1. Cα atoms only, the stretch 160-206: Rg and Dmax in Å?
2. From the Cα gyration tensor of the stretch 52-201, with a ≥ b ≥ c the square roots of its eigenvalues, which class applies: rounded if a/c is under 1.5, or else prolate if a/b is larger than b/c, or else oblate?
3. Semi-axes, largest first, in whole Å: what does sqrt of 5 times each Cα gyration tensor eigenvalue give for the stretch 148-266?
Amino acid sequence: MNSVRTVFVSAACLARAALASRSRASAVESTRARTTSPRMVALLRVALVIAYDGTSFRGWADVRDAALRPALERVLGQPIHIDAASRTDAGVHARGQVCAFDVERAGMPPDELAQLQYSLNQLLPPELSLRHTALMPSGFDPRSNLGKEYRYALSIGAGARDPLQRLYEWQVPARRGAPAWDEEAAAAAARALEGTHSFGALANTPRGSERKKEIDPVCTLSRVRLHRTGRTRLSVRLTGSRFLYKMARNSVGAIVRVGSGLDRKETR
């Protein structure tokens, strides 16, 4: 499924609501001093909601290291470490990726926070945008979030391939002699993924240092739905608390195999 292009949403609406409520309730806590050296340093926790076209990026690490962090360090004048709600693969797009960082500051009034957003958007490349900023409690971790949602755009069948959309949807080719697309079977396969299961069979082995870690394969997907968005176009949405490495991508691949008749016997 190398041609799959996803739209990743880190529960954007819920995240923005959570950021706003926590920001209002915890403006004082966010400036709590922490001992990071023999002297006391006031660290301010700042959360960002960003969007990006992932076509030219090699995943979240590239977004962070090649674009976002250099801009932050240029504006703030100090080294910055960024935590994100989740990682994305090469070619994956984001509408609401939540991330956070600490900055050595005693405080940041609303007009200065707005200025930070303006300045960053002037420096960021056109395919990356900062949509929202908020001050957060000192212990805020974007990985402990309200949930994540992955959206896959699909075009199905002969004549469905639109070259102008090739970077933003998986264009599933029509196979000669293959059964007709069965949307009912695909929808049933999507619903079968809902609930708490071991998703180890739908995950890839992590890369690098994480390869040696023992990872719990049990995840909970609260909602997996297929939506018709056009005559030949569909959208698959997967919402859950956590996802294994490439689990969302492989889950959509399994749904498409069932709808295409390749694994249909397993769901009937």
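Readers should treat all values here as calculations from the given coordinates under stated rules, not as data from a laboratory. Nothing here was measured: the structure is a model prediction, and the numbers come from that model.
1. For the stretch 160-206, the Cα radius of gyration and maximum Cα-Cα distance read 15.1, 38 Å.
2. Values: a/c = 3.16, a/b = 1.94, b/c = 1.63.
Note, shape of the stretch 52-201 comes out prolate.
3. Working: eigenvalues 140, 50, 38 Å².
Those come to 26, 16, 14 Å.
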